[in-house]
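The values are calculated or read from the model by the stated rules, or taken from the named source; none is laboratory data. As the structure is a prediction and not an experimental result, all values here were calculated from the model. Every residue, glycine among them, receives a Cβ derived from its backbone with ideal geometry; neighbour counts consider all protein chains shown.
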Amino acid sequence: MLNTTILAALGGMEIAVILVIVLLLFGGKKIPELMKGLGKGIKEFKDGKDGLDEDEPIDRNRTNTNKPL
């Protein structure tokens, strides 16, 4: 509830100011590296959640075949 209230309070100008501050803090070259790392982290999290190993080929269309112990 609180998160949606905070997001609703942010207008276009506030978001622009936040983006400028982030750009000044990290610089133009560092931001793509941060986003790439964030994307890899999200992908690894989703793969781990689905129970995939690095050696196993990724098949996103398969159904969950995990059986309870």
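Here is a check on your reading of the model: is residue 31 surrounded by 10 or more Cβ atoms within 10 Å (Cβ to Cβ), among the aliphatic types (A, V, I, L, M) and either part of a loop (DSSP other than H, G, I, E, B) or modelled with pLDDT of 90 or more (or both)? Spelling it out, it is not the case that residue 31 is surrounded by 10 or more Cβ atoms within 10 Å (Cβ to Cβ), among the aliphatic types (A, V, I, L, M) and either part of a loop (DSSP other than H, G, I, E, B) or modelled with pLDDT of 90 or more (or both).
Of 38, 19, 23, all but one fail to be at pLDDT 85 or above, touching a helix residue (DSSP H, G or I) at 6+ places or on another chain (Cβ under 8 Å) and surrounded by 10 or more Cβ atoms within 10 Å (Cβ to Cβ); the exception is 23.
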